[in-house]
1. Please report the carbon-and-sulfur percent of the accessible area for segment 48-89; probe 1.4 Å, protein heavy atoms only, DNA, RNA and ligands left out.
2. What spacing in nm lies between the two simple spin-label points modelled at MET39 and THR90, each 7 Å away from Cα in the Cβ direction?
3. To the nearest 0.05, what FRET efficiency results for ARG51 and LEU79 with a Förster distance of 35 Å applied to their C-beta separation?
4. 7 Å from Cα along Cα→Cβ at both TYR25 and HIS10: what's the point-to-point distance in nm?
5. Arrange the residues PHE69, PHE48 by how much accessible surface each exposes, largest first, with a 1.4 angstrom probe.
Amino acid sequence: MSAYRGCLRHPSPQEVGVLLEKLMYRIGLRGTHLQLASMGSVGLCIVFWMRAAGVDQDERGNAERRALFVGLWAPQLWLMGQGLGGYEQTRRCRPGIKRLREAGERRLGRGGTRSRPGSTHAA
């Protein structure tokens, strides 16, 4: 038996989701990219389905299965895009909060406290 058994734990599904969102964000993917890919997969599914109508009966089943397979990408890509969009929102909020905090500190003074009239605390 190893002395390190039990030290490593499996990440929860939420932690894995956050890691994937962070990785996709760092790669350069954005939520809108995945949502556009989702709409593109719906269009590709329709094209494959229309094309399946033009082939002979022996090949039609395979072409329809291909169209259904591509059509199943859409919900997954859309949900991934929404998750990544939520991650982007939290990334956008952080710098804004930091700027507001810095502006408040400048307005209130260096220590972040405002001197009140009649108090012995100098500004």
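The values are calculated or read from the model by the stated rules, or taken from the named source; none is laboratory data. All values derive from a computational prediction rather than experimental measurement. Positions of Cβ are generated from backbone atoms using ideal geometry, with glycine treated the same way; all protein chains shown enter the neighbour counts. Please note that ligands, DNA and RNA were not included when accessible areas were found on the heavy atoms of the full protein model with its side chains. Shrake-Rupley method; radii C 1.70, N 1.55, O 1.52, S 1.80 Å.
1. Working: 1820 of 2980 Å².
Ligands and nucleic acids excluded, carbon and sulfur give 61 percent.
2. 2.7 nm
3. Values: r = 27 Å, r/R0 = 0.78.
Computed FRET efficiency for ARG51 and LEU79: 0.80.
4. In this crude label model, TYR25 to HIS10 measures out at 2.6 nm.
5. Values: PHE69 120, PHE48 45 Å².
The most accessible residue leads, giving PHE69, PHE48.
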